[in-house]
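Participant: Please read through the structure below; I'll follow up with questions.
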Amino acid sequence: MSSKVDVVKQIALIVESSGAYGRGLLRGVARFIHSTREWSVHLPIRTISDEIPDKLALDDCDGVMLRTDNPHVIERVRRLRVPTVALYDSSDLSEFPTVTSDECAVAQMAFDHFLERGFKKIAYCGVHGARFSNQRELAFVSIVNQHGLQCKVYRACHPETRSLLISSLQGAAVCDETELGAWIRTLSKPVGILASNDIRGRQVLSACSRNGNIVPDEVAVLGVDNDEEQCELANPSLSSIIHATEKIGFEGASMLSRMLNGQRIEESVIKHPPIGIHSRHSTDGLAIEDRQVERALQFMRRQVGNGINVADVLNHVHMSRSTLERKFSTLLGRTPKEEIQRQQINHVCYLLGDTSLTMEAIAEMSGIHHPEYLYRLFKKRTGVTPGRYRKTLAQDK
């Protein structure tokens with residue numbers, strides 16, 4: 001009796017492996033492949049702007065997953081006339097079904113992060129001409145304006161740059177740090193700056209260092225992509241927004257599989273919100289002009305692992321409970337107890353992401369002491385369990 005042999009589909013993954021975003025997408029695609037075992041993939045090592053190597057025989061491919069800003073690559077794929085899913089939100093790719101990140105959700109998360117830390121002066125540092133940066137800027141400025149605030153914007157790079165490829169634009173942006181530093185000096189302080197990605201975030205931190213700006217007390221800096229190497233090599237380490245890249249890659253692969261099986265895809269663009277923020281030292285501060293409240297916050301930060309309570313804070317700042325409660329409510333929109341818990345949970349997030357400590361050890365080091373209470377408090381404030389949060393960060397690395 002003969003058995004049916006399944007035909008393995010040949011898929012070209014034209015996705016950059018040089019950055020954290022692309023590597024996250026590839027992990028999601030790999031997870032889909034392992035669940036179905038119906039694909040054989042071709043993956044050239046490339047950046048988002050590279051050409052496709054001539055030796056890659058695209059003519060033999062049954063389908064393509066595409067993330068690029070290179071017009072020659074897009075045209076080459078277009079001529080194949082095979083099922084294609086885009087993993088990059090671009091008008092040049094609008095003919096293909098697209099799975100990508102939700103820039104409005106990224107912008108909202110960034111704004112909430114700054115607002116939670118008391119920053120009312122907000123700015124955005126992008127890369128002129130890079131589509132992803134322009135989209136992120138528009139979304140962020142719109143959200144800041146909706147809250148009655150103004151957003152200062154820096155997007156300059158050298159005018160001799162003619163290419164619209166992201167790699168060329170980011171390379172040119174490296175050369176403008178003197179201008180970037182001058183722009184930062186013009187900003188009213190304290191200010192929270194959203195950088196278009198982690199590369200730009202490192203440049204902002206470098207400019208702050210040369211200026212003598214204190215991070216995060218004068219300037220708080222938030223990146224996007226959570227590229228582990230970029231964030232940890234920054235000084236101080238860079239806080240960053242975590243995209244749902246693995247989910248995007250998996251869903252894009254699932255969509256392509258349905259197309260290969262003859263199904264019609266109704267959704268033109270599917271957008272996924274980010275997972276969260278990996279808080280590091282670049283935003284580990286609060287923008288407060290009231291000296292008593294600032295003293296209280298500094299005390300909370302220094303004593304975050306010692307299990308302090310509101311009474312300990314009152315003894316340190318010599319203030320009545322009613323006055324402290326009123327000032328915290330007015331300036332931060334939360335009670336002193338909620339602020340202690342916020343700082344404890346931020347410390348827990350850091351320990352979950354950067355250590356392999358047990359939950360018992362983390363509970364002790366965060367001042368919460370009881371793992372069961374830590375579990376409940378963490379899930380209440382973040383929406384996920386500590387285990388899920390750690391697993392998500394590990395997948396993103």
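Participant: Under 7 Å by Cβ, and 6 or more places apart or on different chains, what pairs join a residue from segment 240-265 that is within 30 Å of N226 (Cα to Cα) with one that is among the aromatic types (F, W, Y)?
Facilitator: What qualifies is H243/Y21; T245/Y21; F250/F32; A253/F32; S254/F32.
Participant: Search segment 232-266 for residues being assigned to a helix (DSSP H, G or I) and touching a His at 6+ places or on another chain (Cβ under 7 Å), and hand back the single one that is most open to solvent (accessible area, probe 1.4 Å).
Facilitator: K247
Participant: Please indicate, with yes or no, whether at least one residue in segment 276-288 is open to solvent by 30 Å² or more (accessible area, probe 1.4 Å), touching a Leu at 6+ places or on another chain (Cβ under 9 Å) and among the small types (G, A, S).
Facilitator: Checking segment 276-288: not a single residue is open to solvent by 30 Å² or more (accessible area, probe 1.4 Å), touching a Leu at 6+ places or on another chain (Cβ under 9 Å) and among the small types (G, A, S).
Participant: Right, here's the next one. Scan segment 348-383 residue by residue and report those that are under 24 Å from R27 (Cβ atoms), out of contact with any strand residue (DSSP E or B) (no Cβ under 8 Å at 6 or more places or on another chain) and surrounded by fewer than 16 Cβ atoms within 10 Å (Cβ to Cβ).
Facilitator: D354, T355, S356, G383
Participant: Turning to a different aspect of this structure: Identify the single condition in (1) open to solvent by 40 Å² or more (accessible area, probe 1.4 Å); (2) under 30 Å from S268 (Cα atoms); (3) of a type in the set (S, T, Y); (4) modelled with pLDDT of 95 or more that S167 does not satisfy, given that it satisfies every other one.
Facilitator: (4)
Per-residue answers, yes or no, for (1) open to solvent by less than 10 Å² (accessible area, probe 1.4 Å); (2) among the polar types (S, T, N, Q); (3) outside any loop (DSSP other than H, G, I, E, B); (4) under 30 Å from V82 (Cα atoms):
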{"site": "V99", "(1), (2), (3), (4)": "yes, no, yes, yes"}
{"site": "A110", "(1), (2), (3), (4)": "yes, no, yes, no"}
{"site": "F114", "(1), (2), (3), (4)": "yes, no, yes, no"}
{"site": "Y124", "(1), (2), (3), (4)": "yes, no, yes, no"}
{"site": "F132", "(1), (2), (3), (4)": "no, no, yes, yes"}
{"site": "F140", "(1), (2), (3), (4)": "yes, no, yes, no"}
{"site": "V144", "(1), (2), (3), (4)": "yes, no, yes, no"}
{"site": "G148", "(1), (2), (3), (4)": "no, no, no, no"}
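Participant: May I ask you to list the residues in segment 193-236 that are among the hydroxyl-bearing types (S, T, Y) and more than 14 Å from the chain's Cα centre (by Cα)?
Facilitator: The answer is S206, S209.
Participant: Would you check if T355 is β-branched (V, I, T) and modelled with pLDDT under 90?
Facilitator: So T355 fits the description; yes.
Participant: Just give me the residues in segment 84-97 being in a loop (DSSP other than H, G, I, E, B) and in contact with a helix residue (DSSP H, G or I) (Cβ under 9 Å, 6 or more places away or on another chain), in sequence order.
Facilitator: L87, Y88, D89, S90, E95, F96, P97
Participant: Looking at segment 195-218, is at least one residue part of a strand (DSSP E or B) and closer than 17 Å to L286 by Cα?
Facilitator: Scanning segment 195-218, I find no residue that is part of a strand (DSSP E or B) and closer than 17 Å to L286 by Cα, so the answer is no.
Participant: A follow-up question, please. Of everything in segment 297-324 that's small (G, A, S) and open to solvent by 50 Å² or more (accessible area, probe 1.4 Å), which residue is nearest to the chain's Cα centre (by Cα)?
Facilitator: S322
Participant: Conditions first: (1) touching a residue at least 60 places away in the same chain (Cβ under 8 Å); (2) among the aliphatic types (A, V, I, L, M); (3) in a helix (DSSP H, G or I). I368 passes all but one, so which condition is the exception?
Facilitator: (3)
Participant: Tally the residues that are closer than 23 Å to K120 by Cβ and in contact (Cβ under 8 Å) with a residue 60 or more places away in the chain, restricting the search to segment 310-362.
Facilitator: Count: 4.
The values are calculated or read from the model by the stated rules, or taken from the named source; none is laboratory data. Keep in mind it's a predicted model, so treat the numbers as computed, not measured. Here the Cβ is made from the backbone with ideal geometry for all residues, glycine too, and neighbour counts use every protein chain on show. Keep in mind that these areas ignore ligands, DNA and RNA; they rest on the heavy atoms of the full protein, side chains included. Shrake-Rupley method; radii C 1.70, N 1.55, O 1.52, S 1.80 Å.
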